[in-house]
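Just so it is clear, none of the values below were taken in a lab; they were calculated from the coordinates. As the structure is a computational prediction, the values presented were derived from the model and not from experiment. For neighbour counting, all protein chains shown are included, and Cβ atoms are generated from backbone atoms with ideal geometry for every residue, glycine included.
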Amino acid sequence: MKRFWKDAEAVERDRAWGVELDGKPVRTPAREPLEVPTSALAEAIAEEWKSVEDKIEPRAMPMTGLANAAIDRVATNKELFARGLANYAEGDLACYRAEGPRELVERQALQWDALLSWGRRRFDVDFRTTCGILHVDQPAATVEQLSHAVASLDAFRLAGLSPLVTIGGSLVAALGILEGAFVPAQAWDAVSLDERWQLEQWGSDAEAEVAFENRRRDFFAAARFLELLDG
């Protein structure tokens, strides 16, 4: 879609905020009103529309995309969406450690132990870790508590949490960002540790670097989306 509007602005509505283009409300792809819980998020979405130069580039409008997802995808079946994310409690990245080399083992311990230590304190649970990729069952209480934490979230927070979980592979890191226990940069360093290690050891190429940067950008955009929900 090419740009057809002159101005975009956030507008307050009944118990919500929307975005208007030249006075006309923006709608989601499913034609629902694009209404969000906070003025901060509405302003960020309006700024994305203001920044469009010629035609819409979805990757350049992550706040709009996540809001659309919350309304069209998550809210229509919140329980099912939450269960999909909660499944990561059974195989969190931080529970699967390398057997070597020593430097990688030490890096994982330094960053991933911090994630699990927070999870233990916050949810009063324990985690089982293993070396290698063979599945290790987590305690039933751990899965139950983390699943409950996810299920209690609203559609917008689930939409923002989703990229953090799926890109990083760690539900604990994602919940830590949501609750302000970890700044996004700290969590990203932890969940991207293995990939960065591989790039250090084997080198990189243009395609790999672009893919890595895209994941990093989407991860940080999701973290910002969650932050704006509290703004």
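In the chain, the DSSP-assigned H stretches of four residues or longer account for a calculated mean residue ellipticity at 222 nm of -17000 deg cm²/dmol, using -39500 (n - 2.57) per stretch and the full residue count as denominator. Taking Cβ atoms as reference points and 15 Å as the exclusive limit, the residues near PHE127 contribute a net charge of -2, counting Lys and Arg as +1 and Asp and Glu as -1.
Counted residue by residue at 0.36 nm each, then reduced by the alpha carbon distance between them, the extension gain from ALA60 to ALA40 reaches 5.4 nm.
Cβ-Cβ distance of ALA151 and THR130, R₀ of 35 Å, FRET efficiency by 1/(1 + (r/R0)^6): the value works out to about 0.85. Here r is the Cβ-Cβ distance between ARG122 and GLU195 and R0 is 30 Å; the resulting FRET efficiency, rounded to 0.05, is 0.70.
Only the Cβ atoms of Lys and Arg (+1) and of Asp and Glu (-1) were treated as charged; on that basis the dipole of segment 16-168 about its Cα centre amounts to roughly 200 debye. Think of segment 77-228 as having a plus end and a minus end, set by charges on the Cβ of Lys, Arg, Asp and Glu; of LEU199, THR166, ALA181, ALA181 sits farthest toward the positive end of this dipole.
So how do THR130, THR28 line up by other beta-carbon neighbours within 10 Å, fewest first?
Numbers: THR130 12, THR28 17.
Ascending Cβ contact count within 10 Å gives the list THR130, THR28.
Look at LEU104, LEU66, LEU199, LEU85 and count the other Cβ atoms within 10 Å of each Cβ; fewest to most, that gives LEU199, LEU104, LEU85, LEU66.
Give, as a single signed number, the net charge of other residues whose beta carbon lies under 13 Å from the beta carbon of SER51, with Lys and Arg counted +1 and Asp and Glu -1.
-3
The charge dipole of segment 8-76, taken about the Cα centre with unit charges on the Cβ atoms of Lys, Arg (+1) and Asp, Glu (-1), comes to about 280 debye, rounded to the nearest 20. Arranged from fewest to most other beta-carbon atoms within 10 Å of their beta carbon, MET61, MET1 become MET1, MET61. Full extension of the chain between LYS78 and ALA185 gives 35.7 nm of extra length, using 0.36 nm per residue less the Cα-Cα distance.
The dipole here belongs to segment 39-119: it is taken about the Cα centre, uses +1 on the Cβ of Lys and Arg and -1 on the Cβ of Asp and Glu, and is about 180 debye.
The alpha carbon centroids of segment 169-231 and segment 103-165 are separated by 15 Å. Over all other residues within a Cβ to Cβ distance under 14 Å of ASP72, the charged ones net out to +2, with Lys and Arg as +1 and Asp and Glu as -1.
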